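Just so it is clear, none of the values below were taken in a lab; they were calculated from the coordinates. Fair warning: this is a prediction, and the values are worked out from it, not measured in the lab. When we count neighbours, we look across all protein chains shown, and the Cβ atoms used for this are built from the backbone with ideal geometry, even at glycine.
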Amino acid sequence: MVTLKEAREISKAINKTFNPLSITIFGSTAKEGAGNDLDLLVVLDDRERPLDNVDLLMHRCLKSFYKKFAIDPFVISLSTLREHYLKGSPFLRLILKEGRLLYMKDAVKEWMRQSEDEFKMARYLLEGEFYKGACFHSQQAIEKALKAILLSKGWELEKTHSLERLVSLAEEYRVRIDFPDEDIVFMDSIYRGRYPAEAGLLPFGEPAKADARKAVNIAEQMTKKVKTKLNKKQGETSIA
């Protein structure tokens, strides 16, 4: 049997050899926490170097682990990944749905970049009077910023969209963020009602301009607070 702990050890070995963009575990071990074999998706950056002899290098990297259990590493370049994802690859969509991320290169920086992009979209949609979209992307901006700062503290990424959950985790990691309870509830209610079927269960109706403006303002305040804390943390690290 292979466990998630052993999967993380293998991930470290792959990271040391290949410096990949990401490593994702999928299949039974990802779903159950343990399994008979290990299925991995390893994404390499073909913009930096040609991917020559990848299979041979991977074999040598994992040789000592093959004695313990079966490992099936699926290695793909970033350009090929994008091509197949845009074509709607069922295989990749299944991994996105059921997989667990073991490693992401520059994870904190990437999550914060995505947070900033989400906020820009929210502000753009507000100006265009697309209020539901503005609310949704505002929530996403906060969610991704919180994940960025948690990852900087050593948190293991989990699939959650709940700001209530992320703020509680931040407290456990001793990250103090002034996020009023009423704002958390408001932003999470926006996300929960993102689908028409959900919105139809209760008479909430479409968000008004005031709702969207409030959501964008909260997102702006929260992402700035997180960014300030991350910059301060990086400054302390560089001084040390």
Evaluate the following for K97: is it under 20 Å from the mean Cα position of the chain (by Cα), surrounded by 13 or more Cβ atoms within 10 Å (Cβ to Cβ) and closer than 25 Å to A30 by Cα? no
Of all residues in region 33-48, how many are crowded, with 20+ Cβ neighbours inside 10 Å and under 21 Å from the mean Cα position of the chain (by Cα)? 6
Quick test for you: out of A30, A70, pick the one residue that is in contact with a strand residue (DSSP E or B) (Cβ under 8 Å, 6 or more places away or on another chain) and surrounded by 14 or more Cβ atoms within 10 Å (Cβ to Cβ). A30
